[in-house]
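The values are calculated or read from the model by the stated rules, or taken from the named source; none is laboratory data. Just so it is clear, the model here is predicted, and its values are computed rather than measured. Cβ coordinates were reconstructed from backbone atoms using ideal geometry, including for glycine residues, and neighbour counts include every protein chain displayed. Quick note on the areas: whole protein, heavy atoms, side chains included, nothing else; ligands and nucleic acids left out. Shrake-Rupley method; radii C 1.70, N 1.55, O 1.52, S 1.80 Å.
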Amino acid sequence: MSEATRGRRRSPRDLVGGTPAETWSLRFDDRELPAQSGQSIAAVLWSAGILAWRTTRETAAPRGAFCGIGSCFDCLVTVNGRPNQRACLVPARPGDHVTTQEGTGRDDLAV
Amino acid sequence: MTTSPSDSPSAAARAFADLAVVGAGPAGLAAAVTAAGLGLRVTLLDAGERPGGQYFRHPAPGLGAARPEALHHGWSAFASREAALRAHVSAGRITYLAYHHVWTVTPDPAGSPGWTLHAVAGPDEAPATVRARTVLLATGAYERQLPFPGWTLPGVVGAGGAQAMLKAGLVLPGSRVVVAGSGPLLLAVAGSLAAAGARVPAVVEAAAYTGYAAHTPALLRNPGKLAEGATYGGALLRHGVRLLTRHAVTEAHGTDRVEAVTVARLDRDWRPLPGTARRIPCDAVAVGHGLVPQLELATGLGCATRPSPDATVALELDAEQRTSVPGIWSAGETGGIGGAQLALTEGEIAAHSIAGRPVPARLARTRTRLRAFAAAMAGAHRPGPGWTGWLREDTDVCRCEEVPAGRIREAVEDLGARDARTVKLLTRAGMGWCQGRMCGPAVAALAGTDPAPDRRPLSCPVPLRHLAALPAEPPH
């Protein structure tokens, strides 16, 4: 779908109306992503079209949000240096720095 | 309303409540406000930040949604109970503890009849405990997933997951979303995604809706449910969504993310029929095969379970929502998947029972009627045994530990594993972060058994320091 076509499509915001109380930028790796107050980190990433933000331990396969309710742990991410946070549950906050998580997210403990 | 997890629990929370309710979804919320209205002092604990559970999941106030009800069916049922919750909290009859994930419930020592609920509170995972004379478990359900090649690709998401992300965060996984799996949730999800601007090329339903026909009396006694189905059907028609019954997504294609799916026609046993495969381009797939009751707190307490017609395990409950353990009640999806209206009804029944009041006949009748419909629905969407035919040897079944179907089949066929637990010990399937929530039903099917009830000593990750701080078990 072209950008022009997408622009004419309805959005979730059109459906529920209103405006967010506040918007800011979330730092994801080296990018700045637009965030709205009240969104989870996963929602901010999906808004930017990003569906994967970690790689698995065994095969380094890309993963992102799957169950959306905190059950599957596929959306684990490092938030402000703290690994293994469920992006679908953690609210995005101004000043957050979210980084792609590789493997267990505990490389610092490797021997 | 006390919603900030950083607030220290009030004196009321530390006190001995008449009733502790776990879960603020339809069942728990209805139970809490009904019980408070009947004079009980209630503590309501919920893992989420806002009441409503998964069904009434809605945007945070900061997102400024003017019409959150646009994403819901039956929003007034939630709005009235949320208003009642606020009133009871203000009056001190309900202590509402949001962002409190209860990880275990333990009986108090003999002689002090009551229960202690242990929770992990807030993003800082602070320890919290609540004591109560009775407990209502309204822990709901999570989605059942049957794996297929490519289902770990980014862009393949749970159908309920897509719905949850849309309801709470106002986001879509893609612009062209195939909805697939089995169960009535798919129609609701497809309708929401389309209303929110996604293109939905198809809803791919593995069951045949003719499965409901065997239960005509249950259908005729539930005109509301039929009307609900017609509403979803009408929405799909309006948005130009095709409904393919007795079809399944048998593969998702792509490298870094999904780019297309293969859809195939199924026989009666859900076996893909040769020569029927075709490709549908898409940039996301929302997939789910019904819901699984979330029972670990109940089974940890020893509550009896029973098999459901949809091949999941549910709690054994009496007409007043009592479990087999005296002092423990349960309501909603834990007693078998039945939807929000049934959950609201059962929550109110449980509240009356716990308060020692007669259950109004109207509630009992509604429960009977909706349970009959739920049984018809569960039977119609029970996975056929042939679904394992679309797995390849290298298809990951356990997403966390990346265990492919071939290794699980090897454990079953060569090493003699006869159940999911033995498969886990031999392959690590189900041993990762999700503790088998995603792969459990699939592993059980590959092992040739029905799923066993959830047995997880901890229902969520718990910092070791909380376990270390627990009082020692009294000597037996």
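Scan the stretch B:181-195 for residues that are polar (S, T, N, Q) and open to solvent by less than 10 Å² (accessible area, probe 1.4 Å) and jot them down. Write out each step before concluding.
As a first pass, look at the stretch B:181-195 and keep what is polar (S, T, N, Q): B:182, B:192.
Within the stretch B:181-195, B:Ser182 is the sole residue that qualifies.
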**Request:** Search the stretch B:424-437 for residues being part of a loop (DSSP other than H, G, I, E, B), open to solvent by 10 Å² or more (accessible area, probe 1.4 Å) and of a type in the set (A, V, I, L, M, F, W, C), and hand back the single one that is farthest from the other protein chains (Cβ to nearest Cβ).
**Result:** B:Met431
**Request:** Kindly check whether there is at least one residue in the stretch B:348-369 that is of a type in the set (Ser, Thr, Tyr) and under 17 Å from B:Leu38 (Cβ atoms).
**Result:** yes
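Against the condition in a loop (DSSP other than H, G, I, E, B) and open to solvent by 30 Å² or more (accessible area, probe 1.4 Å), how does B:Ala66 come out, does it pass?
Values: in a loop (DSSP other than H, G, I, E, B): yes; open to solvent by 30 Å² or more (accessible area, probe 1.4 Å): yes.
Yes: the conditions hold for B:Ala66.
Scan B:Gly379, B:Gly432 and give me the residue that is in contact with a His (Cβ under 9 Å, 6 or more places away or on another chain) and in contact (Cβ under 8 Å) with a residue 24 or more places away in the chain. Show your work before the answer.
Details: B:Gly432 fails: in contact with a His (Cβ under 9 Å, 6 or more places away or on another chain).
Only one candidate passes the filter, namely B:Gly379.
Condition (residue is within 14 Å of chain A (Cβ to nearest Cβ) and buried (at least 21 other Cβ atoms within 10 Å of the Cβ)) applied to the stretch B:449-457: is it met by at least one residue?
Yes; the residues of the stretch B:449-457 include at least one that is within 14 Å of chain A (Cβ to nearest Cβ) and buried (at least 21 other Cβ atoms within 10 Å of the Cβ).
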**Asked** Among (1) within 14 Å of another protein chain (Cβ to nearest Cβ); (2) farther than 19 Å from B:Thr395 by Cβ; (3) touching a residue at least 40 places away in the same chain (Cβ under 8 Å), where does B:Gly197 come up short?
**Response** (3)
**Prompt:** Looking at (1) open to solvent by less than 20 Å² (accessible area, probe 1.4 Å); (2) closer than 24 Å to B:Arg382 by Cα, can you tell me which one B:Ala260 breaks?
**Reply:** (2)
**Prompt:** What residue, of B:Ala196, B:Ala213, B:Ala227, B:Ala202, is over 12 Å from B:Met377 (Cα atoms), aliphatic (A, V, I, L, M) and modelled with pLDDT under 85?
**Reply:** B:Ala227
**Prompt:** Out of (1) among the aliphatic types (A, V, I, L, M); (2) within 14 Å of chain A (Cβ to nearest Cβ); (3) not in a strand (DSSP E or B), what's the single condition that is false for B:Ala188?
**Reply:** (2)
**Request:** Provide a single number: the residues in the stretch B:298-332 that are open to solvent by 30 Å² or more (accessible area, probe 1.4 Å) and touching a Leu at 6+ places or on another chain (Cβ under 7 Å).
**Result:** 1
**Request:** Pairs only if they're at least six apart or on different chains, beta carbon under 8 angstrom, first in the stretch B:228-244 and at negative phi, second part of a loop (DSSP other than H, G, I, E, B) and open to solvent by less than 30 Å² (accessible area, probe 1.4 Å); list them, first residue then second.
**Result:** B:Leu236/B:Val200; B:His239/B:Val200; B:Val241/B:Val200; B:Val241/B:Pro201; B:Arg242/B:Pro201
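Of the residues that sit in the stretch B:31-46 and are outside any strand (DSSP E or B) and crowded, with 24+ Cβ neighbours inside 10 Å, which one is nearest to the other protein chains (Cβ to nearest Cβ)? Even if it seems obvious, please write down each step before you answer.
So the first thing to find is which residues in the stretch B:31-46 are outside any strand (DSSP E or B), and the list is B:31-41, B:46.
Within this subset, residues satisfying the condition of being crowded, with 24+ Cβ neighbours inside 10 Å are B:31-36, B:46.
Values: B:Ala31: 21, B:Ala32: 21, B:Val33: 23, B:Thr34: 25, B:Ala35: 26, B:Ala36: 27, B:Asp46: 12 Å.
Across the stretch B:31-46, the extreme among qualifying residues is B:Asp46.
Looking at the stretch B:387-403, is at least one residue β-branched (Val, Ile, Thr) and more than 28 Å from A:Gly64 (Cβ to Cβ)? Lay out the reasoning, then the answer.
The initial filter retains those residues of the stretch B:387-403 that are β-branched (Val, Ile, Thr), namely B:388, B:395, B:397, B:403.
If we keep only those that are more than 28 Å from A:Gly64 (Cβ to Cβ) as well, we get none.
Checking the stretch B:387-403: not a single residue is β-branched (Val, Ile, Thr) and more than 28 Å from A:Gly64 (Cβ to Cβ).
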**Request:** List every residue pair whose Cβ atoms lie under 6 Å apart, where the two residues are 6 or more positions apart in sequence or sit on different chains, the first residue falls within the stretch B:155-180 and is open to solvent by less than 10 Å² (accessible area, probe 1.4 Å), and the second residue, located anywhere, is among the hydroxyl-bearing types (Ser, Thr, Tyr).
**Result:** B:Leu166/B:Ser192; B:Gly169/A:Ser40; B:Val171/A:Ser47
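Take the residues in the stretch B:400-423 that are open to solvent by 10 Å² or more (accessible area, probe 1.4 Å) and in contact with a strand residue (DSSP E or B) (Cβ under 9 Å, 6 or more places away or on another chain), then tell me which one is farthest from A:Thr104 (Cα to Cα).
Going residue by residue through the stretch B:400-423, those that are open to solvent by 10 Å² or more (accessible area, probe 1.4 Å) are B:400-402, B:404, B:406-407, B:409-410, B:412-416, B:418-422.
Filter once more, so that each one left must be in contact with a strand residue (DSSP E or B) (Cβ under 9 Å, 6 or more places away or on another chain): B:402, B:404, B:407.
Values: B:Glu402: 13, B:Pro404: 20, B:Arg407: 23 Å.
The residue in question is B:Arg407.
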**Prompt:** within 22 Å of B:Thr368 (Cα to Cα) and modelled with pLDDT of 95 or more - does that describe any residue in the stretch B:261-272?
**Reply:** no
**Asked** Which residue pairs have Cβ atoms under 6 Å apart, sit 6 or more places apart or on different chains, and have a first residue in the stretch B:202-227 that is closer than 14 Å to B:Leu244 by Cβ and a second that is exposed (fewer than 15 other Cβ atoms within 10 Å of the Cβ)?
**Response** B:Ala202/B:Arg242
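One line per residue, one yes/no per condition, for (1) under 19 Å from the mean Cα position of the chain (by Cα); (2) basic (Lys, Arg):
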{"site": "B:Ser80", "(1), (2)": "no, no"}
{"site": "B:Arg86", "(1), (2)": "no, yes"}
{"site": "B:Trp103", "(1), (2)": "yes, no"}
{"site": "B:Trp115", "(1), (2)": "no, no"}
{"site": "B:Ala119", "(1), (2)": "no, no"}
{"site": "B:Tyr142", "(1), (2)": "yes, no"}
**Request:** List the number of the failed condition for B:Cys460; all other conditions in (1) away from every other protein chain (no Cβ under 14 Å); (2) surrounded by 16 or more Cβ atoms within 10 Å (Cβ to Cβ) hold.
**Result:** (1)
**Message:** Exactly one condition in (1) of a type in the set (A, V, I, L, M); (2) open to solvent by less than 40 Å² (accessible area, probe 1.4 Å); (3) modelled with pLDDT under 95 is false for B:Val120; which is it?
**Reply:** (3)
**Looking only at the stretch B:73-93, and only at residues there that are under 21 Å from A:Pro12 (Cβ atoms) and open to solvent by 30 Å² or more (accessible area, probe 1.4 Å), the one that is nearest to the other protein chains (Cβ to nearest Cβ)** = B:Trp75
